[in-house]
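Structure record follows, encoded as C-alpha cells.
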Amino acid sequence: MAAGNIGACIACGGKNEPLIDRIWDDRYGSPGIFSVLKCENCGQMVTSPPLSEDDLPGLYSRYYPRGNVDLGAIEREAALVLAPGASEKRYREGTDNQGHYAVLPGQNVLDIGCGSCVSLLEVRNLGGTAFGIEADPNVRAIAEHFGLDVHIGSIHDNPFPGRTFDLIVLNQVIEHVPEPLALLRIVRERLAPGGKVILAFPNTGSLNRKVSRGKWINWHIPYHLHHYNKKSFGLIAAKTGYRVASMRTITPNVWTILQLRAFGDVTAEGQASSAWTGRGPSVPSTSSFAMRWKNRFASRVSGTAGRTMTRLNRLVDRLGLGDSLLVVLHKQD
Ligand SMILES: [Zn+2]
C-alpha cells in the first residue's frame, strides 16, 4: 500500500474515503499539501500523507513556535490550582479538559507530553507525585529548575523503569502521534492496579467542526495525524485493552476565541499566519509550548462576551458536542 498504510481505518479496519482534498499548515507555514480521509464506517479520520516518527523532530523544531521560558510565570500559574474557587473557574473557562486535575493526594501521576511542566507543578501542589515525559529538549531546564522528574524522549524508551502509575494523562497528545494504538498499549503496561488513563484530544464529532469545515482550528495539519470521535475512540480503546469509564466534551473558551480569529485568517501553503505566530492579544508573548497556550489565555476573556461564551460552550458540552473530548480509561480485565 502506497503512502504508509492509510488505506484502512486504524479503529475499525473500514475503508477511508476523501473528506478534505487540500489542506495545509495554516498556522506555522510548514510546506506541503495534505488531505483528510474519513472512515466510511466509524468516522475516524487520518491526515494523508502520514508523517512518521522520523519526520517529527525536524518539523517541530523548525516550525513549531518556542519562545522564552518564564519560570516565574510557570510557578505562579501552577500555584493558582490551590486558589479558592479554582475548580469553578476551570469549569467556567473550560480549562478542566486536562486529566491531571483528577489526581488524589499520594498518587503517582505520569504526564506524557508535559510541555511547560505547569501540569506537573499542579499535581505536586495537589499532593501527588509527578513524573513527566516530553520530546522537547528545552523542557529539561524547566524540570531541573523545579526539581521535577521529567524524561526527555518518549515512553518507548522505558523511562522510570519498574515504576507504575495511578494516573497517566495525555493532554492533547494522542492526535500528534503516528502510532496511537502502539502508544496506548505501552501506556497500559505502566498502569498500577486500579489505575486509569485520562486523555484529552479534539473531537471531530463537535458542532464547531461541522460549522467550521476546512477552517476548524483542530485540523492543525500536519501536526495532527489522527482525528477521533467518540465512536472511533471507543473502538480503539477496546482494541488496545481498555474499558471506557467515561467520555465527555469540554471546550476551552480560548479555543472558541482562536476559532473566531481563524475565520478571518487566510494563508497560502507555506505561509505562517500572523494570528498564530504574531503578538496579537490572544497570542502568548512566550509562545513556547503551543499545546498549553490554549488554557493560559482563557482567563483574559471577561465581561458579557466572556459570559455568553461560557454559557454557550458549557451548553454545547452538556450535549456532548464540544471541541475537546475528555476520556477516562481503565484496564480491561
Ligand atoms: Zn473506522
Scanning the stretch 247-296 for residues that are over 22 Å from residue 24 (Cβ atoms), at pLDDT 50 or above and in contact with a Ser or Thr (Cβ under 8 Å, 6 or more places away or on another chain), the one most open to solvent (accessible area, probe 1.4 Å) turns out to be 257
Within the stretch 87-111, considering residues that are touching a helix residue (DSSP H, G or I) at 6+ places or on another chain (Cβ under 6 Å) and among the hydrophobic types (A, V, I, L, M, F, W, C), the one farthest from residue 164 (Cα to Cα): 103
Just to be sure I understand, how many residues within the stretch 43-73 are open to solvent by 50 Å² or more (accessible area, probe 1.4 Å) and in a strand (DSSP E or B)? 0
Given the criteria of a type in the set (Ser, Thr, Tyr) and either at pLDDT 90 or above or within 16 Å of the ligand (Cβ to nearest atom) (or both), does residue 101 qualify? yes
Hey, can you tell me all the residues within the stretch 197-230 that are surrounded by 21 or more Cβ atoms within 10 Å (Cβ to Cβ) and on the phi > 0 side of the Ramachandran plot? 220
Could you grab me the full set of residues in the stretch 308-333 that are among the small types (Gly, Ala, Ser) and crowded, with 18+ Cβ neighbours inside 10 Å? 322, 324
Selection from the stretch 138-178 of residues that are among the acidic types (Asp, Glu) and touching a residue at least 60 places away in the same chain (Cβ under 8 Å): 166
Restricting attention to the stretch 88-109, which residues are more than 19 Å from the chain's Cα centre (by Cα), open to solvent by 40 Å² or more (accessible area, probe 1.4 Å) and farther than 18 Å from residue 306 by Cβ? 104, 105, 106, 107
Within the stretch 117-133, can one find any residue that is on the phi < 0 side of the Ramachandran plot, modelled with pLDDT of 95 or more and of a type in the set (Ser, Thr, Tyr)? yes
State the number of residues belonging to the stretch 185-196 that are in contact with a Leu (Cβ under 8 Å, 6 or more places away or on another chain) and open to solvent by less than 40 Å² (accessible area, probe 1.4 Å). 3
Residues (out of contact with any His (no Cβ under 8 Å at 6 or more places or on another chain), within 23 Å of residue 51 (Cβ to Cβ), assigned to a helix (DSSP H, G or I) and among the hydrophobic types (A, V, I, L, M, F, W, C)) located in the stretch 211-223: 217
Output the residue which, of all residues in the stretch 6-42 that are aliphatic (A, V, I, L, M) and in a strand (DSSP E or B), is farthest from the ligand (Cβ to nearest atom). 23
Given the options 233, 160, name the one that is open to solvent by 10 Å² or more (accessible area, probe 1.4 Å) and modelled with pLDDT of 95 or more. 160
Among the candidates 92, 124, which residue alone is touching a Lys or Arg at 6+ places or on another chain (Cβ under 9 Å) and among the basic types (Lys, Arg)? 92
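The values are calculated or read from the model by the stated rules, or taken from the named source; none is laboratory data. This structure is a prediction, so every number in the text was calculated from the model and none was measured. Cβ coordinates were reconstructed from backbone atoms using ideal geometry, including for glycine residues, and neighbour counts include every protein chain displayed. Note: areas computed on protein heavy atoms with side chains; ligands, DNA, RNA excluded. Shrake-Rupley method; radii C 1.70, N 1.55, O 1.52, S 1.80 Å.
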